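First up is the structure itself, then whatever we jot down about it.
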Amino acid sequence: QQLEAVFERMQEPLILELCLDEKAVSEELRSYMEELARLTPKLTVRKSAEGAEHMPLVRVLRSDGSDSGLAFHGVPGGHEFTSFIMGLYNVAGPGQALDGETMGRIKALDAPTDMQIFVSLSCTMCPELVIAAQKIAASNPLVTAKVYDVNHFPELRERYKIMSVPCLIINKAQVAFGKKTLGQLLELLAEPEAGQTG
């Protein structure tokens with residue numbers, strides 16, 4: 001019922017684009033997304049013709065096929081289910097209401113910014129950061145928010161020496177641990193080193 005309420009309020013239809021490989025978790029992601037799309041005509045699932053780095057993943061595309069900047073690597077279950085739905089709502093509109101000042105700060109981010117957020121599905125502190133990052137990405141075309149279930153990507157855990165979640169990596173260079181509010185995340189993104197790509 002809660003889901004229906006969210007779907008009803010969504011202004012635009014969305015496409016859930018899947019990039020799958022041979023792993024069992026790919027099959028899980030596919031059936032999960034198809035199940036979700038069965039609940040509303042506003043969601044369509046399609047498979048990507050090209051592969052991608054770090055599969056499986058689902059990308060959230062707008063109805064015209066353009067990329068919203070939101071993606072989830074793994075299966076958005078557990079505590080990440082709510083944040084995934086919130087991400088869809090923020091892309092489709094009207095999304096979470098923000099005050100003018102906060103919206104202004106989001107729009108003021110003028111450098112391409114790639115956020116990778118590493119989570120575990122049992123982490124209670126992860127969704128706040130994920131929802132904040134997705135809200136920013138949904139509202140600013142220069143920003144992307146890609147969420148990873150760290151349990152499925154040991155090579156990335158190793159590469160970035162991720163000891164705890166949530167772990168946020170900005171432009172593959174700047175690493176921040178711990179939960180963040182939308183305001184704290186905006187402060188971090190506004191720092192001069194955040195806009196530099198490593």
Query raised in the report: Which residues, taken from region 111-159, are open to solvent by 40 Å² or more (accessible area, probe 1.4 Å) and aliphatic (A, V, I, L, M)?
Result: Leu121, Met125, Leu142
Query raised in the report: Mind checking whether some residue in region 160-168 is open to solvent by less than 80 Å² (accessible area, probe 1.4 Å), within 22 Å of Arg59 (Cα to Cα), in a helix (DSSP H, G or I) and in contact with a Lys or Arg (Cβ under 8 Å, 6 or more places away or on another chain)?
Result: no
Query raised in the report: Counting only residues that are in a loop (DSSP other than H, G, I, E, B) and either among the polar types (S, T, N, Q) or under 23 Å from Gly65 (Cα atoms) (or both), how many does region 77-98 have?
Result: 4
Requested in this report: Report the residue count in region 154-192 for those that are of a type in the set (A, V, I, L, M) and more than 22 Å from Met55 (Cβ to Cβ).
Outcome: 11
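When you check Ala108 against the structure, is it buried (at least 19 other Cβ atoms within 10 Å of the Cβ) and out of contact with any Phe, Trp or Tyr (no Cβ under 8 Å at 6 or more places or on another chain), yes or no? Give the steps one after another, and end with the answer.
Values: buried (at least 19 other Cβ atoms within 10 Å of the Cβ): no; out of contact with any Phe, Trp or Tyr (no Cβ under 8 Å at 6 or more places or on another chain): yes.
So Ala108 does not fit the description; no.
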Report task. Test each condition in (1) more than 11 Å from Gly74 (Cα to Cα); (2) surrounded by 13 or more Cβ atoms within 10 Å (Cβ to Cβ); (3) in contact with a helix residue (DSSP H, G or I) (Cβ under 8 Å, 6 or more places away or on another chain) for Glu34 and report the one that comes out false. Result -> (3)
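Which residues, counting only those in region 57-76, are of a type outside the set (Gly, Ala, Ser), assigned to a loop (DSSP other than H, G, I, E, B) and in contact (Cβ under 8 Å) with a residue 40 or more places away in the chain?
Val75, Pro76
The values are calculated or read from the model by the stated rules, or taken from the named source; none is laboratory data. Source: prediction; values computed, not measured. Cβ sites come from the backbone with ideal geometry, for glycine too, and all protein chains shown count toward neighbours. Each accessible area value is taken on the protein alone, full model and side chains, heavy atoms only, with ligands, DNA and RNA left out. Shrake-Rupley method; radii C 1.70, N 1.55, O 1.52, S 1.80 Å.
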